Amino acid sequence: MKLVPFSSEYLRLNEPLPFGLRDAAGRLLLGAGKVIDSASMLDELSQLPLFSEEAESADWSRRLSAAMDQAIRQGAALKDVAAVRPEAASREAATPIAMNLSEQWQALVDHLESALRDMRAGGDWRSRLFAVHVRARQLAQKRLDASLYHLVYEAGHSTQKYSCHHALLTMLICEQAAPLLGWTAPQVDSVGRAALTMNVAMLRLQDQMAVSHLPPSAEMRADIDAHAAQGARWLAEAGLGDPLCCAVVALHHDASQADAPLADLPPERQLARLLRRVDIFAAKISRRATRAPMSPVQAAREACLGATGVPDEIGSALLRAVGLYPPGSFVELASGEIGIVVARGRRANLPYVASLVSSSGTPLGEPALRDTLDRRYTVRAAVPPSQVRVRPPHERLLAMRT
């Protein structure tokens, strides 16, 4: 039995469950057709990591995805996208999905930017933000490796809408690592929202700096230094309604207790430590006008491994979440071939790689999928994006692994 995560955001009072809900060990909590008939039961379930049997929930997930994609293509408000139910998908099942995965993530970048730029008390920005959050999670659940591949690759090759692209990449990684640390579903929600909103107070400035060749002025530097506290205040004043998220945003650059055991810290500092680590990782692999991106492989090593070469608790969670060779990063194999990681493997250091360049340095006529468990194709080294002159055929490569 293969289990897949199920978000409690999809639970509703007095609606029959379309499939059974299980815990992380696969034990049945509520069977298909059962009804959540009280707010207390709904709240209790929302505190738990929930899962479903993949075979049982696959059709529901596919119909939900189709309904949300259809709503986005029709220009629906994001609050309406978040409220879409799978039942609507059955009426739209015959409509082909126009957007590929990359286009869907780009649409979320645009929607996130729109919601954050419109943040004010009394506006609908909160429902729009939550809709982005729900849709990003749904895409990640459906195609996690492909989503990591797209966001990591784009971070190293584009500076467009830097701030919101960075926020989505950070959210995706945080939400994969957080459950591995034993955090509750509400805590995962809060750290995800914090990742999406952490730079709201310097949204325009961050986008400007990503494409500028000039160093920040003294005024800009003051805004950078103040953005964490300022962003937390703005979120609270605009009615976010998540005090833990606001606290994490305020602390996400605070390294004052960096050496304290994670378990000894209050929840907001635990979440902020994860967010800070992922924020730094995502920034290092991102291109800016004044610098080339660091190889994601090198950045992953720095984010996950300490000075002794051993990962701490957060480092271990990050290794399990994205791998030592994250999808979207370029590597050289023992065969001499150069390729791009298309999916995580059985272990953090054993990814699946699509070879693009032969050992002689010539582009391969047809990309070849390599399982690095095979010693002939062990990863030998990271390759900076600037050294790869071949543009990967993304959709073809991802389809190879699928």
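Quick look at the numbers
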quantity	calculated
Among the candidates Ala381, Ala399, residue that is more than 17 Å from Glu154 (Cβ to Cβ), exposed (fewer than 15 other Cβ atoms within 10 Å of the Cβ) and modelled with pLDDT under 90	Ala399
Evaluation of Arg301 against (1) under 23 Å from the mean Cα position of the chain (by Cα); (2) in contact (Cβ under 8 Å) with a residue 24 or more places away in the chain (one fails), failing number	(2)
Matching residues, the range 116-153, being of a type in the set (Gly, Ala, Ser) and within 20 Å of Ser102 (Cα to Cα)	Ala131, Ala136, Ala140, Ala146, Ser147
Residue list for the range 107-125, restricted to those being in a helix (DSSP H, G or I) and surrounded by fewer than 20 Cβ atoms within 10 Å (Cβ to Cβ)	Ala107, Asp110, Glu113, Ser114, Arg117
Every residue from the range 275-298 that is assigned to a helix (DSSP H, G or I) and in contact (Cβ under 8 Å) with a residue 40 or more places away in the chain	Leu275, Arg277, Val278, Asp279, Phe281, Ala282, Ala283, Pro296, Val297, Gln298
Residue within the range 208-220 that is over 30 Å from Glu44 (Cα atoms), touching a residue at least 12 places away in the same chain (Cβ under 8 Å) and buried (at least 18 other Cβ atoms within 10 Å of the Cβ) present	yes
Meets criteria (within 20 Å of the chain's Cα centre (by Cα) and either surrounded by 13 or more Cβ atoms within 10 Å (Cβ to Cβ) or at pLDDT 95 or above (or both)) for Gly323	yes
Considering residues of the range 147-163 that are part of a helix (DSSP H, G or I) and more than 11 Å from the chain's Cα centre (by Cα) only, the residue surrounded by the fewest Cβ atoms within 10 Å (Cβ to Cβ)	His157
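The values are calculated or read from the model by the stated rules, or taken from the named source; none is laboratory data. All figures in this text were calculated on a predicted structure; none of them were measured in a lab. Cβ: placed from backbone, ideal geometry, glycine included. Neighbour counts: every protein chain shown.
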